[in-house]
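For reference, the structure discussed in these notes is given below.
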Amino acid sequence: MRIMEMVSGRAVNGAVINCLEISKALQARGHSVTLVTRPGAWIGEKAAAAGIDVLESTLKRRPFELKRVATEIRERRIDVLHTHMSSANFFGIVLRRLLGIRNVVASAHNRY
């Protein structure tokens, strides 16, 4: 299965660590994993070191950025989009509507 994990956090927090661990575990099970993260984010370096394909995005809901990530999703033939944190969740919802992706999972990480 081809899975795209998307996380909007730049620093280390529970959601970011959870996303990294999920990505590594999915890859270890033989899935193709692409991680979308913001430029310079801590998780990008850690994921790349673990052999996970990393795609950087501002995750801003601007037409150019949405089209760029949508093109990557189509070209990589992503089966499942899994988002983490508010900005990534909303970005994923917009992509779902644009592309008609059926398998989108949004994880709401919150301390409350």
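The values are calculated or read from the model by the stated rules, or taken from the named source; none is laboratory data. Note that this is a predicted model, so its numbers are computed, not measured. As a convention, Cβ positions derive from the backbone with ideal geometry for all residues, glycine included, and neighbour counts pool all protein chains shown. Side chains included, ligands, DNA and RNA excluded: accessible areas come from the protein's heavy atoms. Shrake-Rupley method; radii C 1.70, N 1.55, O 1.52, S 1.80 Å.
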Task: Residues located in the stretch 74-96, provided they are open to solvent by 30 Å² or more (accessible area, probe 1.4 Å), under 19 Å from residue 60 (Cα atoms) and touching a residue at least 60 places away in the same chain (Cβ under 8 Å) - done: 85, 86, 87
- [ ] From (1) surrounded by 15 or more Cβ atoms within 10 Å (Cβ to Cβ); (2) touching a helix residue (DSSP H, G or I) at 6+ places or on another chain (Cβ under 6 Å); (3) of a type outside the set (Gly, Ala, Ser); (4) modelled with pLDDT under 95, pick out the condition that doesn't hold for residue 3.
- [x] (4)
- [ ] Please go through the stretch 57-73 and pick out each residue that is surrounded by 13 or more Cβ atoms within 10 Å (Cβ to Cβ) and either without any contact (Cβ under 8 Å) to a residue 24 or more places away in the chain or within 14 Å of the chain's Cα centre (by Cα) (or both).
- [x] 57, 58, 59, 65, 66, 68, 69, 70, 72, 73
Open item on the list: Of everything in the stretch 57-68, what is in contact with a helix residue (DSSP H, G or I) (Cβ under 7 Å, 6 or more places away or on another chain) and not in a loop (DSSP other than H, G, I, E, B)? Give them in sequence order.
Closed with: 66
Task: Which listed residue is without any contact (Cβ under 8 Å) to a residue 60 or more places away in the chain, under 20 Å from residue 2 (Cα atoms), open to solvent by 60 Å² or more (accessible area, probe 1.4 Å) and in a strand (DSSP E or B), from 36, 54, 105 - done: 105
